[in-house]
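> Input: one structure, supplied below.
The values are calculated or read from the model by the stated rules, or taken from the named source; none is laboratory data. None of the values given here were measured: they were computed from a predicted structure. Cβ atoms come from the backbone with ideal geometry, glycine included; neighbour counts cover every protein chain shown. Note: accessible area is taken over every heavy atom of the protein model, side chains too, but ligands, DNA and RNA are not part of it. Shrake-Rupley method; radii C 1.70, N 1.55, O 1.52, S 1.80 Å.
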Amino acid sequence: MRKLPFDTVLIANRGEIAIRIIKTLRELELRSAIVYHDLDAGTPAVSMADVAIPISGRTPVAAYLDTAQIIAAAHEVNAGAIHPGYGFLSENAEFARKVLEAGIVFIGPTPENIELMGDKIRARKFVQRNGFPVARSAIEEDDPATFISRARSIGAPLLVKPSAGGGGKGMRIVRDLDALEHAIVQARSEAQRYFGDARLYVERYVEKPRHIEVQVLGDSFGNVIHLFERECSVQRRFQKVIEEAPSPALSLELREKICETAVNIARSANYRNAGTVEFIFDGSGFYFLEMNTRLQVEHPVTEMITGIDLVAEQVYVTGGHELRLSQSDIVLAGHAIEARVYAEAPARGFAPTTGKVLVLDYPGGPGVRIDSGILQGQQITTAFDSMLAKVIVHSPTRTEAALKAERAMQELVLLGCETNASFLARVLADEQFLSGQVHTGYLDENPHLAAGEFASDLSAFLAAAALLTRPVRDSADAVPELHASLGSWRN
Amino acid sequence: MNHVLELEGVDYQLWLSPCKQGYRLHLGDEVTAPIDFCHQGDGCGILIIAGAREPVRFAIDGDTIHLHIRGRTSVLRYRDPLSALALAQKHAGQLVARAPMPGVVVATSVLPGEVIAAGTALMVVESMKLETVIRSSQNGVVDRVHFKEGESFEQDAVLVTLSAEGH
C-alpha cells in the first residue's frame, strides 16, 4: 500500500454515504472520524466510525453545513483529511478552501475545480468556449433587466434552474410562458435557501431527454481517465430513482464519443479527483448539462461494472499520488442497476413518509450490494433527505440485472415507514423499462406504476390484516360457528 | 359486526366468521375461505388463504398493521369507529387547512383575525425540496395559524384554522 500524508479521515456527512466511506477507510487501514447532529446519534454511521464528534446547528441540516465546527472537529481528533461525501458541503469551494487553509487535505477536487464547475453558468460557458456542445439558454446575470424577455424568446418548454444548484432542487419546467414569472419567483426562493445563491438561468427543455453521465477520475499530474457512463433517466421530480451502467441507449461508437468528450472536458478544466460529467442525450446527439465535482449517489453501479473502489481512488489522488490506473485498465464487465429506497408514498405523489423502522431485512446473495444508512428501531424524520438505502445488483446482462433487482426489491422487508420498494419492483418489471426505452419523463407518463393496483393481492392483505387485528378476530371468535354459518344476519 | 380497514386511502368493510378450517373473510358479498394465520416467530407467520400458504412479515403499531406479503409491502389501518367520530366533531363548524404531506413551514402569509377570500395563500410549506403554497379553499376569517416559520409538521396536521365569514 502506498503512503498517505494522513492516518485519520473525518467524514463531514451522514447516513449511507458515511458508512460507504468508512468501509473503504477500513480497507486502507485509515482511522475514521465522523461529525454528527444529535438526531443522528443512534445511527449506524456514528457507531461504525472510530471516533464521533457531535456538532449542532439551528436545524439538523445546518449543523452539517457548519464549516467552523467541522474543521474544529477535524483538529480535535487529528484528522489529516476530510471527506465531504455528497450533498452538504461537498461542492462548496469556500469550504474546500478553508479546509486546505487549516492544513487539512480535502478529499475532493481543488477549490478552483469546484468554483469552475460548481457554478452551472460558469461551467457551461467554459465548456462552450472549449468547443463542446451545450443547450440554448438565457443566463440572468448576463443582464438581469432582460432576463425574462430573453428566456421567453427561447420559447417553451423551458427549464428554470438555480445557477448554484444540484439534485433537482429549485428546478421547474415551464410549458406555458405565462407561468414563467411565477416559476422564477419560486425557484429563486428555493435557490436562496438551499444554496445561499438566488441566481437563476433558463434553458430550452428537451422533451423525452435521457440523462447520461460519465464517471471521470483525475490526478494532480494531468492524467484523466473515464470509468464509462451511467444512465439515470428514471426520475421523479428531477431526482434519480433507478440508475444503471452501462446505458442501454448508446452504441459502441457513441459510448466512446461521450466518454472521450467527458475526459476532454475534465482535462481542459485540470480536474482532479472523482467527478461526473452529465449530458442530455436526445436519441442521437448529446450536450453538456453540468459537471458534479463530487462522489455521486449512484457511484456503486460504476464500481460494480469496473471492479474499482472509487473512494479509494479519491483518497489516493488527494494523497498526492499519480492515478494507479490507466484507461486500458478500465474494463466494462456486465450490467449493474441501482434502486434507491426512499421513505415516500408513490401512490400519493411520492409524498415523504415518516415512521419508526420496526422490521428491517435486506436482500442478499451473489451480485447484490446494499448501501444502507439505517437500522431497525431508527426513527425516520423529514429532517434530512428521504433516501434510506440503495440496492445495487450486478449481472452479466441487463435483462438478468433487472430481474435480480426486481427480486431484491421484493425480498427487501422494511416495515414501519412506508417506502417506494414495491414501486421500484414494478418499474424494474415494466416492459418499457426492460426494453431500455426510457427518458426522464417516463415515470410521469406511466402513473399506473406509482398507483400500484392491488388486484389479486387485495384479499391476501385484508385477510392477514383482519386476522392480526384483535377486535376483528375477537368478534369472530365471539360468534358461535352455527350462527356465523347463517351469514351476515348480524348486520 | 362490520369492521373497517383502510388501505391506500380506501375503506374496506369486512368481518370474519369462524369455520372448521379457520375463518371466513366477508368483504361485501364476497367470501374468501378458509383463511387462517399461524404465528411463527417475532413478526413472522404464514397466511393460509384458499389452500395456499403465504409467508408474511408483519409489524403492528397501535391501529396500524404493516404487512409484507408476496414481495409487496402495505400499510393498513384499523379504523376504530369511536375515535373516528371524535376527530370529526373536534373541528365541527370550523374550516381547516391540512398538510398534504409532512414538511416544514417556510413562511406564514396570514395573521389571526384576517378576513380572507377563497384562494388566498395561507402558508408556504416545503416538503421534499419543493415549495407548495397552501391556499384557502373558502372565504373566511383566520382563527389560528398552528405552525410558525421553521416548524415541521406531519401529514394531515391542521396548519390553519378558519372560521366561516360573518362569525
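> Would you mind working out the accessible area per residue for chain A, using a 1.4 Å probe, and quoting it in Å²?
Details: 18520 Å² over 491 residues.
Value returned for chain A: 38 Å² of accessible area per residue.
> Can you work out the base-10 log of I(q)/I(0) for region A:377-480 at q = 0.17, 0.22 1/Å, using the Debye formula on its C-alpha atoms alone?
The calculated log intensity ratios at q = 0.17, 0.22 Å⁻¹ are -0.99, -1.29.
> Let me check the size of chain B from its C-alpha atoms; what are the radius of gyration and Dmax in Å?
Rg and Dmax of chain B, Cα atoms, are 21.9, 64 Å.
> Determine the per residue accessible area of chain B with all protein chains present and a 1.4 angstrom probe, expressed in square angstrom.
On the way: 8500 Å² over 167 residues.
I get 51 Å² per residue for chain B.
> Could you tell me how many degrees, from 0 to 90 and to the nearest 10, lie between the Cα long axis of helix A:67-76 and the main elongation axis, the longest principal axis, of the Cα atoms of chain A?
On a 0 to 90 degree scale, this one is about 90.
> Given a 1.4 Å probe and every protein chain left where it sits, what share in percent of the accessible area of the protein assembly as shown is carbon and sulfur? Write out the running numbers ahead of the final one.
Numbers: 13680 of 27030 Å².
That fraction is 51 percent.
> Moving on to the next point. Regarding region B:3-82, what is the average projected area of its C-alpha convex hull, in nm²?
Working: hull surface 23.7 nm².
Dividing the Cα hull surface by four gives the mean projection, 5.9 nm².
> Could you give log10 I(q)/I(0) at q = 0.17, 0.18 Å⁻¹ for region B:91-163, computed by the Debye formula over C-alpha point scatterers of equal weight, without solvent?
-0.54, -0.60
> Would you mind putting A:143-150, B:62-69, A:22-29 in packing order, based on average other-beta-carbon counts within 10 Å, highest first?
Values: A:143-150: 13.0, B:62-69: 19.6, A:22-29: 16.6.
Highest-to-lowest ranking by the protection proxy: B:62-69, A:22-29, A:143-150.
> Buried accessible area for the B:A pair, summed, 1.4 Å probe, in Å² rounded to 100? Mind dumping the intermediate values first?
Values: alone 11240 and 21380 Å², together 27030 Å².
Roughly 5600 Å².
> Additional query: What translational diffusion coefficient, in µm²/s and rounded to a whole number, does the Stokes-Einstein relation yield for region A:74-220 at 25 °C and a viscosity of 0.890 mPa s, taking the hydrodynamic radius as the Kirkwood radius over Cα pairs? Don't skip to the answer; put the middle values down first.
Working: Rh = 17.0 Å.
My calculation gives 145 µm²/s for D.
> Which three extents, in whole angstrom, do the alpha-carbon atoms of region A:210-451 cover along their principal axes, largest first?
50, 39, 33
> In whole Å, what three semi-axes, largest first, describe the equivalent ellipsoid of the protein assembly as shown built from its Cα gyration tensor (square root of 5 times each eigenvalue)?
Values: eigenvalues 405, 195, 124 Å².
In descending order the semi-axes read 45, 31, 25 Å.
> When the accessible area of each residue in region A:371-392 is compared between its chain alone and the complete protein assembly (1.4 Å probe; ligands, DNA and RNA ignored), which residues differ by at least 30 Å², being lower in the assembly?
When all protein chains are present, A:T382 each give up 30 Å² or more of accessible surface.
> I've got another one for you. Go through region B:14-62 and flag every residue whose accessible area shrinks by 50 Å² or more with all protein chains in place compared to the isolated chain (probe 1.4 Å).
At a threshold of 50 Å² (probe 1.4 Å), the residues of region B:14-62 that become less exposed are B:W15, B:L16, B:P18, B:Y23, B:F37, B:R57.
> Okay, next question. If you average 1/r over all unlike Cα pairs in region A:198-272 and invert the result, what Kirkwood radius do you get in angstrom?
Working: mean 1/r = 0.0714 Å⁻¹.
Its Kirkwood hydrodynamic radius stands at 14.0 Å.
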